[in-house]
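Beneath this line is the structure, given in structure tokens, with notes to follow.
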């Protein structure tokens, strides 16, 4: 049976349906090809390929690197089974920058076990073991893993739907349950990996299930890539916002209020600077600010659909035989403000903004400084508009978002389009309408986006705006969502030009996301060296010797009258000690005064990270600092 296949953009003839091995041999890529990307999905080289077009995956491809990580997860499991035969293996997926494997073992692993496990993994790579795929019946698969006493694999098989294909991969004496695909042999896997950390993980994420040990690893195509990644991690550790928050005396956390922030004076100053900046931008863009209750009866959450879709993340309290929820989001309350008065189409779009304090019952194990917390405040807003206004409002929002991101030093962002999730409200027809409207709006706004399937909100699709920081890490911050569902469920209406009542469209939107998380991102992006306009303390007036104290106090007062945020340090410490201390606190400017400056009424300016210093007359120094600290 002669067959022609499109491979890497060219046509090739074969005498019969070829395997992946035959295809890569034809192209002379036996040593570099890992798998094939085909219309049937990504396939092992051992599988037959019936149709094209076909792409060859190597370690240089994103999919190829994921394949390497997937196969190395199996190597990790094999190494553990060889070294610790009593251990049971659970699941081991690929994640960003690497993979993990969950292990059940009575004696806990420690970091001291890692070198031994890594050594065994590298030994397995050298054995050149083929990764051989087999398709089994449910009965065969259950018998295999019951005999091996792998109870977690048995649970996985039992949970598969009837008729599901069950496949395994075997390398040497080790067999794992897996859909694949994998690299052909263990020798194809690069040794550029490292076991990183241990964590606890409940089986299937259920706190009622057994606690497993999760071993995290990273893996890369080259040693250079691995070294770069580990260096980036070291830099990320140095920039950790929790450490910076302590050094800069901005905030702290404690167990008595897990997932909530104790803001110190400097930190709260930074918070208010950020909030004031956002408020001014919103006012210029036609938003009106509102404030809605923290505690709302469950009846509203049931009507909106949140009780059904989001209940497990809500904090609940009871009083006078009523069940109340601390609001996890602001949207249902904003609908109440909209519908409190019968609106005319002439009032649309109506842009309601709120710095809404929200609470979500995040698992304690997922909490992470300012980045993942339970109590937070969003720069939230909801735009009530007519369907024909969706595109213009989306375009207007994107302009606002880009302007604000640039002000914070983020010149580029990427966009993801998240469509309907499995767990959702509304009909398919409603979702078709919402997704088509958002795609048209994105096109009208000149956006290019990648698809993020199934990640929309339960009430509508969304565009997610992703910032990239100085360490090349992605941070999803802004979002705009098209919602036809909540206005329908909550009975929002306006009077149209035809005199009839119509449902508004509701656009949920945020630029920063939450103030807390965005402050964490800013601290790590700038390593605490915030732009002068954002710095809670822009400078410290400090004396070198006695005799300049009165001039220092006068200078501080003059700076503050000029709108600058200044402290005064009159301690009798050495100036080198003061410089070190204020540098650790990331104070952008030091205004150094000695006897000569006091006599001449001058100021010596020294800026964080710069050795150079300059002495200026008092009025010139104030003018210079005002321009330097001016907000964008």
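The values are calculated or read from the model by the stated rules, or taken from the named source; none is laboratory data. A quick note: this is a predicted structure, and the numbers were derived from the prediction, not measured. Positions of Cβ are generated from backbone atoms using ideal geometry, with glycine treated the same way; all protein chains shown enter the neighbour counts.
For every residue, the table says whether it meets (1) closer than 22 Å to residue 628 by Cβ; (2) at pLDDT 90 or above; (3) surrounded by 13 or more Cβ atoms within 10 Å (Cβ to Cβ); (4) assigned by TED's automatic domain parsing to the domain that holds residue 266.
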site	(1), (2), (3), (4)
546	no, no, no, no
555	yes, yes, yes, no
561	yes, yes, no, no
564	yes, yes, yes, no
567	yes, yes, yes, no
587	yes, yes, yes, no
603	yes, yes, yes, no
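Of the strands (runs of 3 or more DSSP E) lying entirely inside region 1-69, those containing at least 2 residues that are under 37 Å from the mean Cα position of the chain (by Cα) and closer than 21 Å to residue 135 by Cα span 35-38, 41-43. Within region 446-472, which residues are touching a strand residue (DSSP E or B) at 6+ places or on another chain (Cβ under 9 Å) and over 27 Å from residue 311 (Cβ atoms)? Once the filter is applied, which keeps residues that are touching a strand residue (DSSP E or B) at 6+ places or on another chain (Cβ under 9 Å) and over 27 Å from residue 311 (Cβ atoms), region 446-472 yields 447, 448, 449, 450, 451, 465, 466, 467, 468, 469. Those residues that are in a loop (DSSP other than H, G, I, E, B) and within 21 Å of the chain's Cα centre (by Cα), I need them from region 199-252; list them, please. Scanning region 199-252 gives 239, 240. Against the criterion of being surrounded by 15 or more Cβ atoms within 10 Å (Cβ to Cβ), in the same structural domain as residue 395 (by TED's automatic domain parsing), under 30 Å from residue 527 (Cβ atoms) and at pLDDT 90 or above, residue 511 qualifies.
Take the residues in region 522-555 that are assigned to a strand (DSSP E or B) and in contact with a helix residue (DSSP H, G or I) (Cβ under 6 Å, 6 or more places away or on another chain), then tell me which one is nearest to residue 264 (Cα to Cα). This residue is 540. From the list 256, 165, 234, 150, the lone residue that is in contact with a strand residue (DSSP E or B) (Cβ under 7 Å, 6 or more places away or on another chain) and loosely packed, with under 13 Cβ neighbours inside 10 Å is 165. Answer yes or no as to whether residue 185 is within 10 Å of residue 131 (Cα to Cα) and free of Cβ contacts under 8 Å to residues at least 60 places away in the same chain. When the stated conditions are applied, residue 185 passes them. Residues of region 126-146 that are part of a helix (DSSP H, G or I) and either at pLDDT below 95 or within 18 Å of residue 178 (Cβ to Cβ) (or both): 138, 139, 140, 141, 142, 143, 144, 145, 146.
The rows are residues; the columns are (1) within 24 Å of residue 362 (Cα to Cα); (2) under 23 Å from the mean Cα position of the chain (by Cα); (3) in a helix (DSSP H, G or I); (4) not assigned by TED's automatic domain parsing to the domain that holds residue 373.
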| residue | (1), (2), (3), (4) |
| --- | --- |
| 272 | no, no, yes, no |
| 292 | yes, no, no, no |
| 296 | yes, no, no, no |
| 307 | yes, no, yes, no |
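The residue of region 328-359 that is surrounded by the most Cβ atoms within 10 Å (Cβ to Cβ), among those that are touching a helix residue (DSSP H, G or I) at 6+ places or on another chain (Cβ under 7 Å) and assigned to a loop (DSSP other than H, G, I, E, B), is 348. Do we have any residue at all in region 72-94 that's closer than 23 Å to residue 19 by Cβ and either at pLDDT 95 or above or part of a helix (DSSP H, G or I) (or both)? Looking for residues that are closer than 23 Å to residue 19 by Cβ and either at pLDDT 95 or above or part of a helix (DSSP H, G or I) (or both), one finds at least one in region 72-94, hence yes.
Contact map, region 379-394: first residue at positive phi and at pLDDT 95 or above, second residue surrounded by fewer than 17 Cβ atoms within 10 Å (Cβ to Cβ) and part of a strand (DSSP E or B), Cβ cut-off under 7 Å, separation 6 or more or different chains; the map is empty. Looking across 31, 10, one residue alone is closer than 18 Å to residue 60 by Cα and assigned by TED's automatic domain parsing to the domain that holds residue 51. It is 31. Among the residues making up region 598-632, a single one is under 18 Å from residue 545 (Cα atoms) and part of a loop (DSSP other than H, G, I, E, B): 601.
Within region 585-614, being more than 27 Å from residue 244 (Cα to Cα) and touching a residue at least 24 places away in the same chain (Cβ under 8 Å) holds for 593, 594, 595, 597, 598, 601, 603. Inspect region 429-440 for any residue being in a strand (DSSP E or B) and either within 30 Å of residue 630 (Cβ to Cβ) or in the same structural domain as residue 305 (by TED's automatic domain parsing) (or both) and give the result as yes or no. Within region 429-440, not a single residue is in a strand (DSSP E or B) and either within 30 Å of residue 630 (Cβ to Cβ) or in the same structural domain as residue 305 (by TED's automatic domain parsing) (or both).
Within region 400-426, the set of residues being touching a helix residue (DSSP H, G or I) at 6+ places or on another chain (Cβ under 9 Å) and under 28 Å from residue 284 (Cα atoms) comprises 400, 403, 404, 407, 408, 409, 410, 411, 412, 413, 415, 417. The residues of region 298-327 that are in contact with a helix residue (DSSP H, G or I) (Cβ under 9 Å, 6 or more places away or on another chain) and at positive phi amount to a single one, 305.
On inspection, residue 270 fails the criterion of being over 15 Å from residue 516 (Cα atoms) and surrounded by 16 or more Cβ atoms within 10 Å (Cβ to Cβ).
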